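Worksheet for the structure shown next.
The values are calculated or read from the model by the stated rules, or taken from the named source; none is laboratory data. Not measured: the values here are computed from a predicted model. Note: ideal-geometry Cβ built from the backbone for every residue, glycine included; neighbour counts use all protein chains shown. Protein only, heavy atoms only, side chains kept; ligands, DNA and RNA dropped before computing areas. Shrake-Rupley method; radii C 1.70, N 1.55, O 1.52, S 1.80 Å.
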Amino acid sequence: MLVPLACLAAGLAWRSRGWPLVHDAPLMHYIAWRIGEGAVPYRDLFDMNFPGVYLIHLAALRLVGAGDAGWRVFDLAWLAATSLAAAALAAPWGRLAAGGAALFFAIYHLASGAWQTGQRDFLLCPFLLLAALGVARWAERPRDRSSLVWGGLALGAGMTVKPHAGLFAAALLVVVAVVARRTGFSMARPVAIFAAAVAMAPVAVMAWLAAKGALAAWREIVFDYLVPLYAKLGRPDRWAFHRWQVWIPIGVGVALSAWSVLARHRVTARRTVVALGLLYGLVHFVGQGKGWEYHLYPLAAFAAVALFAEAGRRVEARSVVALPMLACVVVAAVMLERKGVEAADAAWILAKERRVSALVADLDGRIGQGDLVQVLDTTEAGVHALLRLHAVQPTRFLYDFHFYHDRQSRIVERLREEFVAGFDAHPPKFVVLFERGWPAGGYERVEEFPGLWLRLSTYRVDRRRDGYIVYAR
């Protein structure tokens, strides 16, 4: 079983060797580069992500650079770490469980395509798995509390990437309390140790923001914009993502594994932790309400463990349920292989790469020291081109979608006023307007922002390209 899975993972990894830095990852790279150059997060760069994401990308830039090859190295290294964490969590259930969990998650990620690399939900996965592993090991050896410390530290680090992980932290705290009570140990001490360990990374990151002078801007973005407005933006009428059918055999396989555990009355702390991970993964996806495929990563991480948790023992026992368990894995693997082949040569990714290169060629050599470039874009190539050119914008706004939704709200009105003031204070040499807005709109969207439209009218059209217009002062 493991040999064909290993071959499939190796084949998909080889096929992914040319994956570019694309979509969301260049945005985080650009923010990390600006922070490395002295910019203050949130105050100088308006973005809704949490600071742990910037720190990871800052580390990636320092270690492997900003090129495509370095990004592949980083992505594969992060995938290897996540797969090893999944294997460690499944290890007590045998070699098939450990190897299968690691390989299946690797296949899942490598079948998803270049645009999934660096997604925050993928970056979150090793922290979740390590937290589950730490609590499970402590539950099996309650006298050794060191695993509570590193498990809590990992989960706290994950919360700086996506605060949604706090729900998993709460669930694991309940597990710690229940196990401590059942084993006769003091309940307060292990709960306090785990809670303190979870809190350390968020406190350290908040201290870093405060030292940078970014705390007030972060609070404003999170509580005035992200929670009331952005969280509701881009929710589709119905959820659909590429080859969603692969989750049918995965779901059936996980259900068979759960049935096997319950039928044999083999519920243990480790299995409980994995079940809570599955529940958290489901809440993580559904709760965000946007149906984006990469929100499934935490669920996929724990599903990879659950799929193989009972398989080895069921095969050894020649149980009737062993064959359908393995059949679910085979069907899911075949579907992921087809998905990976299609994702490797996605036309929209190739088009986005060409657009980045075209814009870099349009501006390269024409931006002097102190010249500024304002892009009006989300993920179509503008910020990525700025990263390659090491160019800076006159305002803190990396994207322009903030200006076109919830226009009746005071926060959006303030953002518009701030943009216009920054634009006037430091007029950019070039403005690049991208055709495709998010979540909707084309070139005409700027007409809905009179202040911007008026200022664009004082610029001349310098270039018209596929997907964007360059305006020169």
Checklist outcome for this item: Among residues of the range 17-44 being modelled with pLDDT under 95 and assigned to a helix (DSSP H, G or I), the residue farthest from R388 (Cα to Cα) is R17
Checklist entry - Quick check, is V267 assigned to a loop (DSSP other than H, G, I, E, B), more than 28 Å from R182 (Cβ to Cβ), of a type in the set (V, I, T) and open to solvent by 10 Å² or more (accessible area, probe 1.4 Å)? => result no
Next on the checklist: I'd like the full set of residues that are among the β-branched types (V, I, T) and open to solvent by 10 Å² or more (accessible area, probe 1.4 Å), limited to the range 386-415.
Outcome noted: V392, T395, I411
Checklist entry - For the range 41-53, which residues satisfy the criterion of being open to solvent by 10 Å² or more (accessible area, probe 1.4 Å) and of a type outside the set (F, W, Y)? => result R43, D44, M48, N49
Checklist entry - Any idea how many residues of the range 287-325 are of a type in the set (A, V, I, L, M, F, W, C) and open to solvent by 40 Å² or more (accessible area, probe 1.4 Å)? => result 5
Checklist entry - Got at least one residue in the range 306-320 being closer than 20 Å to R264 by Cβ, within 30 Å of the chain's Cα centre (by Cα) and not in a helix (DSSP H, G or I)? => result yes
Checklist entry - How many residues does the range 202-215 hold that are in a helix (DSSP H, G or I), over 23 Å from the mean Cα position of the chain (by Cα) and in contact (Cβ under 8 Å) with a residue 60 or more places away in the chain? => result 1
Item to check | Selected residue (only one of V273, V330, V383 is surrounded by fewer than 21 Cβ atoms within 10 Å (Cβ to Cβ), of a type in the set (V, I, T) and in a helix (DSSP H, G or I)) | outcome: V330
Next on the checklist: Exactly one of these conditions fails for L12: (1) among the hydrophobic types (A, V, I, L, M, F, W, C); (2) at pLDDT 95 or above; (3) open to solvent by 20 Å² or more (accessible area, probe 1.4 Å). Give me its number.
Outcome noted: (3)
Checklist entry - Among the residues of the range 353-367 satisfying the criterion of being free of Cβ contacts under 8 Å to residues at least 60 places away in the same chain and in a loop (DSSP other than H, G, I, E, B), which is most open to solvent (accessible area, probe 1.4 Å)? => result D364
Next on the checklist: Pull out all pairs, ordered by first then second residue, where Cβ-Cβ is under 6 Å, the residues are six or more apart or on different chains, the first lies in the range 26-46 and is under 23 Å from W115 (Cα atoms), and the second is at pLDDT below 95.
Outcome noted: H29/A66
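Residue-by-condition table, conditions (1) assigned to a strand (DSSP E or B); (2) open to solvent by 80 Å² or more (accessible area, probe 1.4 Å); (3) out of contact with any Pro (no Cβ under 8 Å at 6 or more places or on another chain):
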residue: E417; (1), (2), (3): no, yes, yes
residue: G422; (1), (2), (3): no, no, no
residue: P428; (1), (2), (3): no, no, no
residue: L433; (1), (2), (3): yes, no, yes
residue: R436; (1), (2), (3): no, yes, yes
residue: G451; (1), (2), (3): no, no, yes
residue: T458; (1), (2), (3): no, yes, yes
residue: D462; (1), (2), (3): yes, no, yes
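Tell me yes or no: at least one residue of the range 74-83 is under 28 Å from V329 (Cα atoms) and in contact with a Pro (Cβ under 6 Å, 6 or more places away or on another chain).
Scanning the range 74-83 turns up at least one residue that is under 28 Å from V329 (Cα atoms) and in contact with a Pro (Cβ under 6 Å, 6 or more places away or on another chain).
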Item to check | Among residues of the range 61-73, those that are crowded, with 19+ Cβ neighbours inside 10 Å, assigned to a helix (DSSP H, G or I) and in contact (Cβ under 8 Å) with a residue 40 or more places away in the chain, counted | outcome: 2
Checklist entry - Take the residues of the range 143-161 that are open to solvent by 20 Å² or more (accessible area, probe 1.4 Å) and part of a loop (DSSP other than H, G, I, E, B): which is farthest from H295 (Cα to Cα)? => result R143
Next on the checklist: Among the residues in the range 178-201, are any assigned to a helix (DSSP H, G or I), small (G, A, S), touching a residue at least 60 places away in the same chain (Cβ under 8 Å) and closer than 19 Å to V273 by Cα?
Outcome noted: no
Checklist outcome for this item: Checked A77, A90 against criteria (open to solvent by less than 20 Å² (accessible area, probe 1.4 Å) and not hydroxyl-bearing (S, T, Y)); the one match is A90
Checklist outcome for this item: Conditions (1) in contact with a Lys or Arg (Cβ under 9 Å, 6 or more places away or on another chain); (2) touching a residue at least 24 places away in the same chain (Cβ under 8 Å); (3) open to solvent by 10 Å² or more (accessible area, probe 1.4 Å); (4) part of a loop (DSSP other than H, G, I, E, B) -> A139 fails only (4)
Checklist entry - What number of residues within the range 216-254 satisfy the criterion of being more than 24 Å from R338 (Cα to Cα) and either among the polar types (S, T, N, Q) or in a helix (DSSP H, G or I) (or both)? => result 14
